[in-house]
Amino acid sequence: MTNPLNAGAWTVDYLDHLRRLSIDGDERPGEHPDATADLDAKTRCLVRIGALVAVSASAASMRKEVDDAVSAGAQPAEIASVLDAIMPHVGRPRVVKAAPRVLLALGVELDLLDDDS
């Protein structure tokens, strides 16, 4: 595998951006002009959903990001796959806590206490 630094795939701007992030420099997330230029809108939303799950974000935050993801073309199965993919990294309890918020954001009414199945 080729080192992207040696292959010329990274510009000095990105190296400087990563350097500043690594030392918690003055630049804040999202201030870099091309911070997400390599990601399409759907992928950005899916990444954000994973981040929201990781930080146990509110239902309102989750609803907005799920709405944005669906508007960008994400399917519910792809959103569920994000939860599966991050579970080993953020922990099962965090994903289980977030799953009802994701379902509500997708418009699924929950009655988790209904035993009539």
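The values are calculated or read from the model by the stated rules, or taken from the named source; none is laboratory data. None of the values given here were measured: they were computed from a predicted structure. Please note: Cβ atoms are built from the backbone with ideal geometry, for glycine as well, and neighbour counts cover all protein chains shown.
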Worksheet item: Does segment 26-40 contain any residue that is at pLDDT 95 or above, surrounded by fewer than 16 Cβ atoms within 10 Å (Cβ to Cβ) and aliphatic (A, V, I, L, M)?
Response: no
Discussion item. List the residue pairs whose Cβ atoms are under 7 Å apart, where the first residue sits in segment 38-53 and is in a helix (DSSP H, G or I), the second is basic (K, R), and the two are 6 or more positions apart or on different chains.
Written reply: V53/R94
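Rundown of residues vs (1) in contact with a helix residue (DSSP H, G or I) (Cβ under 6 Å, 6 or more places away or on another chain); (2) of a type outside the set (S, T, Y); (3) surrounded by fewer than 15 Cβ atoms within 10 Å (Cβ to Cβ); (4) under 17 Å from L39 (Cβ atoms), yes/no style:
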position	(1), (2), (3), (4)
A54	yes, yes, no, no
E65	yes, yes, no, yes
P76	no, yes, no, no
V82	yes, yes, no, yes
I86	yes, yes, no, yes
G91	no, yes, yes, no
L106	yes, yes, no, no
